[in-house]
1. Say we look at segment 16-44 and pick out the residues that are at pLDDT 95 or above and not β-branched (V, I, T); which of these is least open to solvent (accessible area, probe 1.4 Å)?
2. Go through segment 63-96 and give me each residue that's within 17 Å of D47 (Cα to Cα), among the polar types (S, T, N, Q) and touching a Gly at 6+ places or on another chain (Cβ under 8 Å).
3. Answer yes or no as to whether D253 is part of a helix (DSSP H, G or I), open to solvent by 30 Å² or more (accessible area, probe 1.4 Å), at pLDDT 95 or above and not β-branched (V, I, T).
4. For segment 75-90, give me each residue that is open to solvent by 60 Å² or more (accessible area, probe 1.4 Å) and either on the phi > 0 side of the Ramachandran plot or among the aliphatic types (A, V, I, L, M) (or both).
5. For segment 84-100, does any single residue satisfy the condition of being among the hydroxyl-bearing types (S, T, Y) and modelled with pLDDT under 95?
6. Which members of segment 143-158 meet the condition of being open to solvent by less than 20 Å² (accessible area, probe 1.4 Å) and either at pLDDT 95 or above or among the β-branched types (V, I, T) (or both)?
7. Does segment 56-74 contain any residue that is small (G, A, S), assigned to a strand (DSSP E or B), farther than 20 Å from E245 by Cα and open to solvent by 10 Å² or more (accessible area, probe 1.4 Å)?
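The values are calculated or read from the model by the stated rules, or taken from the named source; none is laboratory data. Since we're looking at a predicted model, the values are computed, not measured. Here the Cβ is made from the backbone with ideal geometry for all residues, glycine too, and neighbour counts use every protein chain on show. What goes into the accessible areas is simple: the full protein's heavy atoms, side chains included, and nothing from ligands, DNA or RNA. Shrake-Rupley method; radii C 1.70, N 1.55, O 1.52, S 1.80 Å.
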Amino acid sequence: MKLRKVTAASATVLALALTATACGGDDKDSGSSEGGGKKITIGIKFDQPGLGQKTPDGYEGFDVDVATYVAKKLGYSEDQIEWKESKSADRETMLQRGDVDFIAATYSITPERQEKVDFAGPYLLAHQDVLIRADDDKIKSPEDLNDAKLCSVTGSTSAQNVKEKLAPKAQLQPYPTYSACLPGLQNGAIDALTTDDSILAGYAAQDQFKGKFKLGGFKLTNENYGIGVKKGSDLKDKINKALEEMVADKSWDKAVKDNFGPANYKNEPAPKIGDIKS
């Protein structure tokens with residue numbers, strides 16, 4: 001009799017386990033649900049100070065703060081977020097394959113990208129600008145970059161755009177990364193570094209560079225940062241609502257100050273959802 005009781009109990013446990021497996025699936029609960037699931041996967045940059053950076057203590061930056069706020073509004077706590085590195089060339093593919101639920105990684109909204117993925121936002125309006133030494137009083141306009149040594153990073157078109165459209169006599173100096181440009185800028189090997197002003201502000205805000213650099217404030221282009229989601233995802237509207245709430249409760253302003261403040265970054269006001277500046 002005792003054996004039969006144990007067997008019945010085991011059968012009940014097995015039935016419950018099978019039911020849970022059928023309902024729950026794997027550990028990753030898609031972000032397209034109502035939230036509150038076990039995990040949400042978010043793509044960010046791992047190597048951009050002030051925006052998205054992996055550190056020994058975790059992840060930090062403006063994009064990280066925005067993504068964390070959005071995830072919370074979707075029903076996920078910080079410990080339910082899985083951060084995944086999203087390099088520029090991989091972002092559309094990662095969304096299309098479902099590797100991530102959404103991406104917040106200095107992801108400029110462009111017509112070409114909108115053909116492949118959807119965007120919530122924009123949540124930040126950045127501009128191509130230049131970073132120069134804090135005591136430099138010679139470079140006051142884009143034209144002053146003529147004959148200047150301008151850092152050119154492999155794979156980036158920013159410096160080439162300056163040379164082709166604004167300062168044809170600029171001397172492009174090749175460097176492997178933006179981080180590699182900074183010591184050269186500091187010691188005078190180069191005169192300026194150009195990319196998005198938000199990225200430049202993030203680098204300049206690092207402890208070892210505080211007070212040593214300044215932004216030119218040239219606003220050479222408009223870069224509308226959006227949060228990328230899979231084409232047709234119902235997350236788009238939910239993220240837009242979260243971004244509006246972030247602006248309304250001043251969390252957006254705090255994130256800007258916390259991540260860009262040391263560089264004296266003169267940011268644009270928070271953009272309206274759907275207002276994409278050309």
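1. G43
2. Answer for segment 63-96, where residues must be within 17 Å of D47 (Cα to Cα), among the polar types (S, T, N, Q) and touching a Gly at 6+ places or on another chain (Cβ under 8 Å): just S86.
3. Taking the combined requirement at face value, the residue satisfies it.
4. A89
5. The answer is yes; a qualifying residue exists.
6. L145, A148, L150, C151, V153
7. Scanning segment 56-74 turns up at least one residue that is small (G, A, S), assigned to a strand (DSSP E or B), farther than 20 Å from E245 by Cα and open to solvent by 10 Å² or more (accessible area, probe 1.4 Å).
Let's see how each residue does on (1) surrounded by fewer than 20 Cβ atoms within 10 Å (Cβ to Cβ); (2) over 23 Å from N161 (Cα atoms); (3) in contact with a strand residue (DSSP E or B) (Cβ under 7 Å, 6 or more places away or on another chain):
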| position | (1), (2), (3) |
| --- | --- |
| A180 | yes, no, no |
| G188 | yes, no, no |
| D197 | no, no, yes |
| G211 | yes, yes, no |
| F218 | no, no, yes |
| D237 | yes, yes, no |
| N240 | yes, yes, yes |
| P269 | yes, yes, no |
| I273 | yes, yes, yes |
